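The values are calculated or read from the model by the stated rules, or taken from the named source; none is laboratory data. Only a predicted model underlies this, so the values are computations on that prediction, with no experimental measurement involved. Positions of Cβ are backbone-derived with ideal geometry, glycine not excepted, and every protein chain shown enters the neighbour counts.
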Amino acid sequence: MAQFSRLEVVQAMQETGMVPLFFHHDIELSKKVLKACYDGGARLLEFTARGDFAHEVFGTLTKYAIAELPGMIMGVGSVTDAAAASLYMQLGANFVVTPVLREDIAVVCNRRKVLWSPGCGTLTEITKAEEMGCEIVKLFPGDIYGPQFVKGIKGPQPWTSIMPTGGVSPTKENLKGWFDAGVTCVGMGSKLISKEILAKKDFNGLKVKVQEALAIIQEVKRKG
């Protein structure tokens, strides 16, 4: 069962401006990644459930977050059907992110008042998602669409909240482009939690990287 309401999740996304994305089958490594993100100031993490037995890792991570990392909001990504969404919500998912727009996932998440963020790529899909109760739309893959697409959507629909995933990197130039265009927050995966960091188990380096990215986002938002 979710520990945070969907409005609390939205607020955290708006305030921090970033959702780290991560998956690994190793539970102990995953705990250290989660702790480094938390110590760096992140208050959300999307566990991209793409491997076998991913739900077992997620369940353990969520229990760890509840016990050791107060205020950390655990969510799940790469969810492709309602059954998987229901399973992860039973394991404590506070938000559900999907690569595509699926009504069956919207129904089960709305029933439990859990935030769901579908991957959309057209104005029609975005509008449909909002009609189905979506608070923050995932723009995916972000690098294909870019900030200009976001700017174009925000013109006729200034109320739309967008989170690009893919094509987001922790540089001032990249983040400024997205936030100047009007995104609510960004999802950041391998450009933040890189293979190199994982291979070297450089968790302090990850903590610093998260701190720097969040600082850039706050600076860009202030000046925007």
*Mind checking which residues of region 1-43 are surrounded by fewer than 18 Cβ atoms within 10 Å (Cβ to Cβ), under 17 Å from Ala67 (Cα atoms), touching a helix residue (DSSP H, G or I) at 6+ places or on another chain (Cβ under 6 Å) and not charged (D, E, K, R)?*
Ile27
*Name the helices (runs of 4 or more DSSP H) wholly within region 22-90 that hold at least 1 residues that are among the β-branched types (Val, Ile, Thr)?*
27-39, 54-68
*With Lys221, Lys207 as the choices, which residue is within 24 Å of Ser30 (Cα to Cα) and part of a helix (DSSP H, G or I)?*
Lys207
_Suppose we filter region 131-156 for residues that are without any contact (Cβ under 8 Å) to a residue 40 or more places away in the chain, assigned to a loop (DSSP other than H, G, I, E, B) and under 27 Å from Arg112 (Cβ atoms); how many remain?_
3
*Kindly list, by first and then second residue, each pair from a residue in region 182-196 that is in contact (Cβ under 8 Å) with a residue 60 or more places away in the chain and on the phi < 0 side of the Ramachandran plot to a residue that is part of a loop (DSSP other than H, G, I, E, B) and among the β-branched types (Val, Ile, Thr), limited to pairs with Cβ atoms under 8 Å and residues at least 6 apart or on different chains.*
Thr184/Ile136; Cys185/Ile136; Val186/Val168; Gly187/Val168; Met188/Val168
_Conditions first: (1) more than 21 Å from Lys200 (Cβ to Cβ); (2) of a type in the set (Gly, Ala, Ser); (3) out of contact with any Asp or Glu (no Cβ under 9 Å at 6 or more places or on another chain). Gly75 passes all but one, so which condition is the exception?_
(3)
_Breaking point among (1) under 22 Å from Val96 (Cα atoms); (2) exposed (fewer than 15 other Cβ atoms within 10 Å of the Cβ), for Pro158_ = (1)
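To keep it simple, each residue is scored yes or no on (1) touching a Pro at 6+ places or on another chain (Cβ under 8 Å); (2) more than 26 Å from Asp143 (Cα to Cα); (3) among the hydroxyl-bearing types (Ser, Thr, Tyr); (4) at pLDDT 95 or above.
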| position | (1), (2), (3), (4) |
| --- | --- |
| Val57 | no, yes, no, yes |
| Thr62 | no, yes, yes, yes |
| Glu68 | no, yes, no, yes |
| Met72 | no, yes, no, yes |
| Ser78 | yes, no, yes, yes |
| Gly92 | no, yes, no, yes |
| Thr98 | yes, no, yes, yes |
| Cys109 | no, yes, no, yes |
*Of all residues in region 60-71, how many are touching a residue at least 12 places away in the same chain (Cβ under 8 Å) and either surrounded by fewer than 19 Cβ atoms within 10 Å (Cβ to Cβ) or in contact with a Ser or Thr (Cβ under 9 Å, 6 or more places away or on another chain) (or both)?*
7
